[in-house]
Amino acid sequence: MSLKRLAPGEDPFETAVAAAGSGEGEAGDFHWSQRLDRVELAIVLEPESPVAESLTMLPLAMVAFGDALGAIGPPVLAVHFRWPDAVDVNGGFVGGFRVAMAEVEDDDQVPAWLVIGFSIAVQMDLTDDAPGRKVNETTLYDEGCGDITADQLTESFARHFLTWVHRWQEEGFEPVRLAWLARLKQSEEPKKEIDSQGGLCREGSKTRPLSDALAGPSWVSR
């Protein structure tokens, strides 16, 4: 990976998308914000598969994040996912993932580029005079991860992401799917699952494709 350090005010995801779209970005470019209160990063990828299979990099990246935080966080830390892109820690929302892809004429084509990014709250906003007042939102600091820095989490994620990409190449999506399901937050019946392309299912019937995530992150309105 090629690390691209950005000033705290720059958005890594928007920067990565702009670079990929202009042709200046390359596979493995790792755009990383140097802000301290959040981990914000984005990775430029060059898919070799059609749209549906390429989009499975989103749940793969989420699984890598869960493993990365588990490796450096407290042993009792509970990391759960909400389909398709949100992350909860100990029952509280901490942030989520974003995905963008080059336009294609049909879903059988291979997109020229794919960008996966995330934004996770590490500590409270120091400019907020009433931290913690938002219902169901939290930070890693508030959940006992006070020793974890944005740099440490970024490095841990990069290692686990590469490990999961290698496993995906060798074994396909099924190990990723099972690992993602193990962290899926179940809040209703019938139980939710994801299929072989990351689409949301209930009782074996697909209800929403993973391509819905291209419309924008589900968690930005929180």
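For Lys192, go through the aspartates and glutamates and keep the ones whose alpha-carbon is under 15 Å away, minus same-chain ones fewer than eight residues off.
By straight Cα distance, Lys192 reaches Asp85, Glu203.
How high is the relative contact order of the chain? Use alpha-carbon pairs under 8 Å, at least six apart in sequence, and give a whole percent. Could you put the intermediate results ahead of the total?
Working: 425 pairs, mean separation 50.3, N = 222.
So the answer I get is 23 percent.
Step through the residues of segment 90-98 one at a time and calculate ³J(HN,Hα) from phi using the Karplus curve (6.51 cos²θ - 1.76 cosθ + 1.60, θ = phi - 60°), rounding each to whole Hz and writing x for Gly and Pro.
Running phi through 6.51 cos²θ - 1.76 cosθ + 1.60 with θ = phi - 60° gives 6, x, x, 6, 10, x, x, 10, 9 Hz.
Ignoring ligands, DNA and RNA, what percent of the accessible area of segment 31-120 is carbon or sulfur (1.4 Å)? Intermediate results must be reported in sequence, preceding the final value.
On the way: 1410 of 3090 Å².
Answer for segment 31-120: carbon and sulfur cover 46 percent of the accessible area.
Taking segment 21-112, which GluC sites (Glu not before Pro) meet the DSSP loop condition and have no more than 11 other C-beta atoms within 10 Å? Provide the component values of the computation, followed by the final result.
Details: sites: Glu24, Glu26, Glu40, Glu48, Glu53, Glu103, Glu105; in loops: Glu24, Glu26, Glu48, Glu103, Glu105.
For GluC sites (Glu not before Pro) across segment 21-112 that sit outside H, G, I, E and B with at most 11 neighbouring Cβ atoms in 10 Å, the list reads Glu24, Glu48, Glu103, Glu105.
Can you give the relative contact order of segment 27-70 as a percent, counting alpha carbon pairs under 8 Å and 6+ residues apart?
On the way: 25 pairs, mean separation 12.3, N = 44.
Over segment 27-70, the number comes to 28 percent.
Calculate for the chain the 222 nm mean residue ellipticity that helices alone would give, adding -39,500 (n - 2.57) per DSSP H run of length 4 or more and normalising by residue count, nearest 500 deg cm²/dmol. Can you show the working numbers first?
Working: 5 runs with 62 residues, N = 222.
The helix contribution divided over the chain gives -8500 deg cm²/dmol.
For segment 1-40, what is the relative contact order in percent, using Cα pairs closer than 8 Å and at least 6 residues apart in sequence?
On the way: 48 pairs, mean separation 22.5, N = 40.
Computed value for segment 1-40: 56 percent relative contact order.
So, for the chain, what is the accessible surface per residue at a probe of 1.4 Å, expressed in square angstrom?
Numbers: 11070 Å² over 222 residues.
Dividing the accessible area of the chain by its residue count gives 50 Å².
Note down the magnitude of the dipole of the chain about its Cα centre, charges +1 on Lys and Arg C-beta and -1 on Asp and Glu C-beta and zero elsewhere, to the nearest 20 debye. Display every interim value, and only then the final one.
Numbers: 19 positive and 37 negative charges, 139 e Å.
So the magnitude is around 660 debye.
The values are calculated or read from the model by the stated rules, or taken from the named source; none is laboratory data. Small disclaimer: the values here were computed from a predicted structure and weren't measured. We place every Cβ from the backbone using ideal geometry, glycine too, and count neighbours over all the protein chains shown. Keep in mind that these areas ignore ligands, DNA and RNA; they rest on the heavy atoms of the full protein, side chains included. Shrake-Rupley method; radii C 1.70, N 1.55, O 1.52, S 1.80 Å.
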